[in-house]
1. Assign unit charges at the C-beta atoms only (+1 for Lys and Arg, -1 for Asp and Glu), then state the dipole size of region 51-174 relative to its Cα centre in Debye, rounded to the nearest 20.
2. Only helical DSSP H runs with n ≥ 4 go in: add -39500 (n - 2.57) per run for the chain, normalise by residue count and round the 222 nm mean residue ellipticity to 500 deg cm²/dmol.
3. Taking the Cα centre of the chain as the origin and placing charges on Cβ (Lys, Arg +1; Asp, Glu -1), which of Gln40, Gly158, Ala114 is farthest toward the positive end of the dipole?
4. Provide the per-residue ³J(HN,Hα) series for region 125-135, in order, calculated from phi with Karplus coefficients 6.51, -1.76, 1.60 and θ = phi - 60°, each as a whole number of Hz, with x at glycine and proline positions.
5. I'd like the accessible area for Leu157, computed on protein heavy atoms only with a 1.4 Å probe and all protein chains in place. Round to 10 Å², please.
6. Per residue, how large is the accessible surface of the chain? Use a 1.4 angstrom probe and give square angstrom.
7. Counting only the backbone N, which residues of region 142-165 are under 14 Å from the spot 7 Å out from the Cα of Asn37 toward its beta-carbon?
8. Taking 7 Å along the Cα-to-C-beta vector as the label spot, tell me the Arg72-Arg8 distance in nanometres, rounded to one decimal.
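The values are calculated or read from the model by the stated rules, or taken from the named source; none is laboratory data. Predicted, not measured: the structure shown is a model, and the values here were computed from it. In this analysis, Cβ positions are derived from the backbone assuming ideal geometry, glycine residues included, and neighbour counts consider all displayed protein chains. Please note that ligands, DNA and RNA were not included when accessible areas were found on the heavy atoms of the full protein model with its side chains. Shrake-Rupley method; radii C 1.70, N 1.55, O 1.52, S 1.80 Å.
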Amino acid sequence: MTSPASHRLTEADIAALHQLHAEELRRFLIGVVGEANLAQDIVQIAFRKLLEVGHETQAESRKAWLFQVAYREALHHRRRNATQKRILQQLHQQPRTAPESPAADDSIVRQETAESVRQAIEQLSPDLQQIVRMRIYEDKTFAQIAEELGIPLGTALGRMRNAMNRLREKLARAQGED
């Protein structure tokens, strides 16, 4: 048996597969995630994985493989996004006192919330802070984060999940102290 490296897909193979399937895959993903830019990011992740391990797939099943990889990535994103939304909803459900003016109250709540989140992030370990900042403040994809930090994609995702869990705990504790 020859080594897997000798069977790696060439750039021409990847380009041809991209030409054939990328647009259909992108349209499918828009239906799953509801956002064109995110769908395009996931298409890129799927093709990057194809470049990395596509040689292990059967030529006749590569389209299905691409759709499966992209769908799984989209589901992972939806779960992460749902977790982030739950945290934000918890932050917005803080009890309010009667405001003098609704606009002033909203501004104060936003400032207090942002300050609470900033303080909670500062209490995270440096590696978790870095992931959170790159993802939230720099709006980088997990694939970009993993590449820049030289870590596996799963590690980047795990660190973000760990950071979100710790932030949720810290913010819940802080809310309970009020």
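1. The dipole of region 51-174 has a size of about 460 debye.
2. When only DSSP H runs of four or more count, the value is -25500 deg cm²/dmol.
3. Farthest towards the positive end: Gly158.
4. Result, rounded to whole Hz: 5, x, 5, 6, 4, 4, 4, 4, 5, 5, 6.
5. 30 Å²
6. It amounts to 63 Å² per residue over the chain.
7. Only 142 pass the distance filter.
8. Calculated label separation equals 2.1 nm.
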